[in-house]
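Heads up: the structure comes next, in structure tokens.
The values are calculated or read from the model by the stated rules, or taken from the named source; none is laboratory data. Please read all numbers here as calculations on a predicted model, not as lab measurements. Every residue, glycine among them, receives a Cβ derived from its backbone with ideal geometry; neighbour counts consider all protein chains shown.
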Amino acid sequence: MLEIESLAREIGLAVLNLDLRDTQRAAIRLYESLGYICWGTHPVYARVEGRIVPGHYYYKPLEDQPAAP
């Protein structure tokens with residue numbers, strides 16, 4: 001993931017976005033440990049093994065962000 005972030009910076013991207021099913025716990029832990037920020041949850045995101053599960057949306061700024069006023 002760090003290599004992807006590095007390549008994204010090299011080509012000028014300012015932010016990476018991703019979304020994950022609630023069942024992807026290891027991936028959620030990984031992305032949160034890398035500084036991805038959860039900004040929202042979709043309560044009816046996917047059907048997994050016959051049941052509806054939520055999904056979570058994340059982003060990570062790749063550039064220094066200006067301080068909020």
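Find all pairs meeting these conditions: Cβ atoms under 7 angstrom apart; at least six residues apart or on different chains; first residue within segment 44-56 and within 23 Å of N17 (Cα to Cα); second residue among the acidic types (D, E) and surrounded by 10 or more Cβ atoms within 10 Å (Cβ to Cβ).
What qualifies is V53/D22; P54/D22; G55/D19; G55/D22; H56/D19; H56/D22.
Under 8 Å between Cβ atoms, at least 6 apart or on separate chains: pull out the pairs that start in segment 10-23 with a residue that is under 9 Å from P61 (Cα atoms) and end on any residue that is surrounded by 12 or more Cβ atoms within 10 Å (Cβ to Cβ) and of a type in the set (K, R).
From segment 10-23, the pairs are V15/K60; L16/K60.
Within the bounds of segment 52-66, is there any residue that is surrounded by 10 or more Cβ atoms within 10 Å (Cβ to Cβ), of a type outside the set (A, V, I, L, M, F, W, C), in a strand (DSSP E or B) and touching a helix residue (DSSP H, G or I) at 6+ places or on another chain (Cβ under 6 Å)?
Taking every residue of segment 52-66 in turn, at least one turns out to be surrounded by 10 or more Cβ atoms within 10 Å (Cβ to Cβ), of a type outside the set (A, V, I, L, M, F, W, C), in a strand (DSSP E or B) and touching a helix residue (DSSP H, G or I) at 6+ places or on another chain (Cβ under 6 Å).
Can you tell me which residue is modelled with the lowest pLDDT among those in segment 38-51 that are β-branched (V, I, T) and surrounded by 10 or more Cβ atoms within 10 Å (Cβ to Cβ)?
Taking the candidates together, the pick is V48.
For segment 25-42, give me each residue that is part of a helix (DSSP H, G or I) and touching a strand residue (DSSP E or B) at 6+ places or on another chain (Cβ under 8 Å).
Result: A27, I28, Y31, E32.
Does E32 meet the test of being exposed (fewer than 15 other Cβ atoms within 10 Å of the Cβ), of a type in the set (D, E) and under 12 Å from the mean Cα position of the chain (by Cα)?
yes
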